[in-house]
Amino acid sequence: MTLSATQKIPSYSEIPDHIAIIMDGNGRWAKQKHLPRIFGHKKGVDTLENVINFCLDEQIKYLTVFAFSTENWRRPIEEVNFLMELFLSLVQAKVTLYHKNNICLRVIGNRNNLSKTLREHIEKAEKLTEKNTAMTFTLALDYGGKWDILQAVNKLFAAEKKEITEADLAANLMLSDIPDPDLYIRTGGEKRISNFMLWQMAYAEFYFTDVLWPDFAREEFDKALNSFKKRERRYGRTSEQLPIEQQRK
Ligand code: FPP
């Protein structure tokens with residue numbers, strides 16, 4: 001029996017290779033403090049920087065965060081503009097620090113609606129860091145899981161593929177060259193996937209916490225990792241079929 005093409009590198013490791021995060025709760029964090037929502041996003045940037053460092057400490061190879069969804073354009077224009085400024089400062093200024101830390105920065109999503117300046121800085125940042133090997137940090141920006149699947153299908157249509165296999169589709173998705181997420185974390189209490197990497201998340205382990213993103217500190221990150229350690233990843237097998245060292249229960 002062969003494994004599904006989408007389970008590119010099945011991980012049985014106690015440490016996830018790839019963590020995907022929905023950083024939810026910035027707005028509510030600000031509201032609790034009687035501050036405008038943008039203060040929550042500002043604090044959210046600090047949390048993200050900390051989480052990048054936690055991942056480096058733990059030698060996590062891939063971190064992907066959902067920074068802006070295809071649906072987030074529906075937010076008030078002031079908030080959208082503020083977020084775009086934050087993304088610009090990340091790819092323009094913070095990228096120097098990532099580069100120093102040997103981090104490869106990638107951006108996935110539809111770039112057509114982003115400003116020309118942001119697009120140019122994304123390209124520059126990706127080029128600058130493309131050979132870095134400590135960790136790949138991916139920003140999902142104007143990204144949607146449905147959009148991702150459609151862009152893959154459209155690429156295959158353009159290549160005049162008559163019949164599309166699972167392997168063809170997987171090979172044309174964003175991040176097709178790295179392992180699928182092992183651990184998906186969502187802060188802020190909601191228990192949804194919200195159109196994040198729908199295909200790539202097929203075998204991810206889900207971890208939800210009520211903690212709001214700006215409060216997601218090291219101890220919360222460790223809780224997520226500890227929860228992951230206890231998961232038995234069977235990929236369709238029975239527990240007894242797994243080598244003893246991979247049985248967790
Ligand atoms: C969801 O919380 C958060 C977002 C849609 C934006 C995520 C952005 C950041 C964490 C800022 C920093 C990011 C980068 C990459 C510079 P919400 O605003 O929906 O919170 P709520 O559910 O409490 O309203």
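Computed from the coordinates by the stated procedures, all read-outs in this text should not be read as laboratory data. Since we're looking at a predicted model, the values are computed, not measured. Reconstructed Cβ throughout: ideal geometry from the backbone, glycine too, with neighbour counts over all protein chains shown.
Take the residue pairs Lys61/Lys116; Lys100/Lys127; Lys42/Lys100 and return only those whose Cα atoms are more than 21 Å apart. List each step's numbers first, then the result.
Details: Lys61/Lys116 30 Å; Lys100/Lys127 14 Å; Lys42/Lys100 23 Å.
Cα-Cα > 21 Å for Lys61/Lys116; Lys42/Lys100; rest within.
Per residue of segment 204-220, in order, report the coupling 6.51 cos²θ - 1.76 cosθ + 1.60 (Karplus, θ = phi - 60°) as ³J(HN,Hα) in whole Hz, putting x for Gly and Pro.
Those phi angles translate into 6, 8, 9, 9, 10, 9, 6, 4, 6, 3, x, 9, 7, 9, 3, 5, 6 Hz.
What list do you get for Thr165, Thr138, Thr238 if you sort them by fewest beta carbons within 10 Å? Before the final figure, lay out each step's value.
Working: Thr165 11, Thr138 24, Thr238 7.
Going from least to most buried by this count: Thr238, Thr165, Thr138.
Classify segment 133-249 as rounded, prolate or oblate, taking a ≥ b ≥ c as the square roots of the eigenvalues of its Cα gyration tensor: rounded when a/c is under 1.5, otherwise prolate if a/b is larger than b/c and oblate if not. Could you put the intermediate results ahead of the total?
Working: a/c = 2.34, a/b = 1.36, b/c = 1.73.
Verdict is oblate for segment 133-249.
Short version: ³J(HN,Hα) in whole Hz for each residue of segment 65-80, in order, from phi by Karplus 6.51 cos²θ - 1.76 cosθ + 1.60 (θ = phi - 60°), x for Gly and Pro, what are they?
Karplus values, whole Hz, x for Gly and Pro: 10, 8, 8, 7, 8, 4, 8, 5, 4, 6, 6, x, 4, 5, 5, 4.
Label segment 162-207 by shape, choosing from rounded, prolate and oblate, from the square roots a ≥ b ≥ c of the eigenvalues of the Cα gyration tensor; if a/c is under 1.5 it is rounded, and otherwise prolate applies when a/b is larger than b/c, oblate when it is not.
Details: a/c = 3.08, a/b = 2.26, b/c = 1.37.
Prolate.
Whole-Hz ³J(HN,Hα) for each residue in segment 122-128, computed from phi via Karplus 6.51 cos²θ - 1.76 cosθ + 1.60 with θ = phi - 60°, x for glycine and proline: what do you get?
Those phi angles translate into 4, 4, 4, 5, 5, 5, 4 Hz.
Give me the dipole magnitude in Debye, nearest 20, for the chain about the Cα centre, with unit charges on the beta carbon: positive for Lys and Arg, negative for Asp and Glu.
Numbers: 36 positive and 34 negative charges, 71 e Å.
Taking the Cα centre of the chain as origin, the dipole is about 340 debye.
Using C-alpha positions alone, give me the convex hull volume of segment 65-190 per residue in cubic angstrom. Kindly include the intermediate steps, with their values, before the conclusion.
Working: hull volume 18.1 nm³, N = 126.
Normalising the Cα hull of segment 65-190 by residue number yields 144 Å³.
With each label point set 7 Å from Cα along the Cα-Cβ vector, what nm distance links Asp222 and Glu126?
Placing both labels 7 Å along Cα→Cβ, they lie 3.7 nm apart.
Using only the alpha carbons of segment 56-95, determine the length spanned along each of the three principal axes and report them from longest to shortest in whole angstroms.
Result for segment 56-95: principal-axis Cα extents of 38, 23, 12 Å.
Quick one: Leu90, Leu56, fewest Cβ neighbours within 10 Å first, how do they rank?
In increasing order of surrounding Cβ atoms, one gets Leu56, Leu90.
Using a 7 Å offset from Cα along Cα-Cβ at Asn53, what residues in segment 92-120 end up with backbone N under 14 Å from the label point?
Answer for this model: 97-98, 101.
Specify whether the C-alpha gyration tensor of segment 1-151 places it in the rounded, prolate or oblate class, a ≥ b ≥ c being the square roots of the eigenvalues: rounded for a/c under 1.5, otherwise prolate if a/b is larger than b/c and oblate if not. Provide the component values of the computation, followed by the final result.
Details: a/c = 1.43, a/b = 1.40, b/c = 1.02.
Taking the square roots of the gyration eigenvalues as a ≥ b ≥ c, segment 1-151 is rounded.
What is the ratio of the Cα radius of gyration of segment 77-140 to 2.2 N^0.38 Å, where N is its residue count, to two decimals? Write out the running numbers ahead of the final one.
Numbers: Rg = 11.7 Å, N = 64, 2.2 N^0.38 = 10.7 Å.
Expressed relative to 2.2 N^0.38 Å, the Cα Rg reads 1.09.
Could you list Tyr207, Tyr143, Tyr12 so that the one with the fewest beta carbons within 10 Å of its beta carbon is first and the one with the most is last? Kindly include the intermediate steps, with their values, before the conclusion.
Details: Tyr207 19, Tyr143 24, Tyr12 15.
So the residues, fewest neighbours to most, are Tyr12, Tyr207, Tyr143.
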